[in-house]
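Beneath this line is the structure, given in structure tokens, with notes to follow.
The values are calculated or read from the model by the stated rules, or taken from the named source; none is laboratory data. This is a predicted model, so every value here is computed, not measured. Glycine also receives a Cβ, built like all others from the backbone with ideal geometry; neighbour counts cover every protein chain displayed. Ligands, DNA and RNA are excluded from the accessible area calculation, which covers all protein heavy atoms including side chains. Shrake-Rupley method; radii C 1.70, N 1.55, O 1.52, S 1.80 Å.
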Amino acid sequence: MAPQRFHEQFEQIQRSMPGVPLAMGPDDSAEFMYEKGVVLVRDGEEAQIVEDTVRAHFTAAPDLDQEQVRRAGPPANRSGVTRIRVGDPGEGHRGADRAVAHALRSVREREARAGHRMVARNHVVHIAVNACPGDEPVPAPLSEPPNPAPADTPHDPGTAVGVLVVDTGLMHDYRSCGLLAHTEGDAQLQECDEQGILQQYVGHGTFIAGLVAAVAPNTDITVRGTLNDAGAILESEFGEKLFEAVDADGWPDVLSLSAGTSNGRTDGLLGVENFMRELRAQRTLLVAAAGNNAAASPFWPAAYAGLPGWEDSVLSVGALRSDGEYGACFTNHGPWVRVYAPGERLTSVLTGFDTPVPYVYQHSTYDACRYGFTYDCTCRHPRHSGVLSDEGNAAKPDQVMFEGYAQWSGTSFATPVTAGMIAAHMTAHKETDPRAARHRLLAAQAGVAEVRGAQVPALRPPTWRPVPVVRQAPGL
């Protein structure tokens, strides 16, 4: 993980959550972000045990303030978790949260006796946490069709597959794109800043809806704006928001989620534990992004696909590079990633077609891909000068205009491509069980790609066009 990229991402998310001091962890390793001075516990009796244990530990330590230990969230809610404050969030820098570290340590013996985890950090769930690269959308010519191109399957209201996208919301004029005729949901909050510039990650949910609709036209797509804070939400709120999303219109056939977080553990997230149990009892298939950290450590909730009991209800998706033959340099990998799909340099609808919208690039790119690949990975494409994150650069930041289609890369986009292929399989084979459709699709249509030297299952939509990999000379 490149520290510069993580710090840029950290600052962006912190600005989107001004009232929530954040830290990075564990121990400044930049593996994930979390709320400072707070731990997350299951509500009820276990919360009281943790609170009492932490308070006793802090009382016995002269350099810790036991007066800080108190309940900081409602005693009970549907997600089954509550927050306990253990320290002053304003103390220390973002890589040194001693209070949280001591609180976690103080409960270890209790956890060992109980045989399960009782306390955790309150992680930030995000669509691009620790992303490689600082990838941002590029305007696509109006003459360039979507990639994947729209399939020719007609839409039938009686058999349409229900797809729920939990992401940022929809652009206000998304209906000006005919591809999204059967899409509805939440409006994107604050599309532009005070200068009329499109904000970062705005359009992400619209882009994803366009990919689902292109691969599987016989779908009714609902986009929820759960991640409208620059693509971020606290773990303590995430489970409740997921319940709200399925409560609004019922459990869908397919739930597409291009967000998550690592947490340094192999047993999931406390904040979504109740939701994941409920998901397992439903017929819905969760298709979740494996993450953009270029790491093999579990990324949640996608990594539930590797836990016993969730094999059928969760499908974790990694990203293929533009030629579809190898894994994209940014994609997470490992045995818990069940399938890979195109995720680099895809073309979909970003904004409506009514009025062009300006965008200023936020992040710098790198002269060489930090993972050592020689192909034109998105760490190096596109290149921008004078971007907002370049300290001391006097050049004016690059500005572009978006009008309709854009080209974008990320595991975020391999996920809806896969969700669309499952929905299309359900339509083609009159399959009503999305979990059965997933298994039959992989058995019948999965090809093979190579990721870090391993052969892995890969799904490539029939209407997807490979984009040639352009090798660059060193230093370019």
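Extension gain, residue 155 to residue 112, is 10.1 nm, computed as 0.36 nm per intervening residue step minus the present C-alpha separation. For residue 430, the aspartates and glutamates whose Cα comes closer than 20 Å to its Cα, not counting residues fewer than 8 places off in the same chain, are 152, 156, 220, 253, 312.
Per-residue ellipticity at 222 nm computed for the chain from its helices equals -7500 deg cm²/dmol, with DSSP H segments shorter than 4 residues left out and the rest contributing -39,500 (n - 2.57). The calculated pair-distance distribution of region 194-316 uses every alpha carbon pair, bins of 10 angstrom beginning at 0, and gives 12, 43, 35, 9, 1 percent. Only helices reaching 18 angstrom along their own axis (Cα) with mean Kyte-Doolittle hydropathy no lower than 0.5 count here, and for the DSSP H runs of the chain these are 411-428.
Electrostatic tally near residue 418: other residues with Cβ closer than 13 Å to its Cβ, Lys and Arg +1, Asp and Glu -1, net +3. Sequence-distant contacts, meaning Cα pairs under 8 Å at least 6 residues apart, place the relative contact order of the chain at 17 percent.
Return the carbon/sulfur percentage of the accessible area of the chain, one whole number, probe 1.4 Å, all protein chains in place. Provide the component values of the computation, followed by the final result.
Working: 9200 of 17970 Å².
Carbon and sulfur atoms account for 51 percent of the accessible area of the chain.
Ranking 79, 328, 13 by Cα position along the charge dipole of the chain, where only Lys, Arg, Asp and Glu carry charges on their C-beta atoms, puts 328 farthest toward the positive end. Listed by chain and number, the aspartates and glutamates whose C-alpha is less than 16 Å from the C-alpha of residue 36, apart from same-chain residues fewer than 8 away, are 11, 27, 28, 65, 88, 91, 97, 235, 237. Based on protein heavy atoms only, the chain ends up with 38 Å² per residue of surface accessible to a 1.4 Å probe.
Between residue 193 and residue 45, residue separation times 0.36 nm minus the direct Cα-Cα distance comes to 48.8 nm.
Once the cut-off is 31 Å, how many percent of the Cα-Cα pairs in the chain end up in the long-distance tail? For the chain, the fraction of Cα-Cα distances above 31 Å is 40 percent. Using the Cβ-Cβ distance between residue 455 and residue 307 with R0 set to 25 Å, the FRET efficiency from 1/(1 + (r/R0)^6) comes to roughly 0.60.
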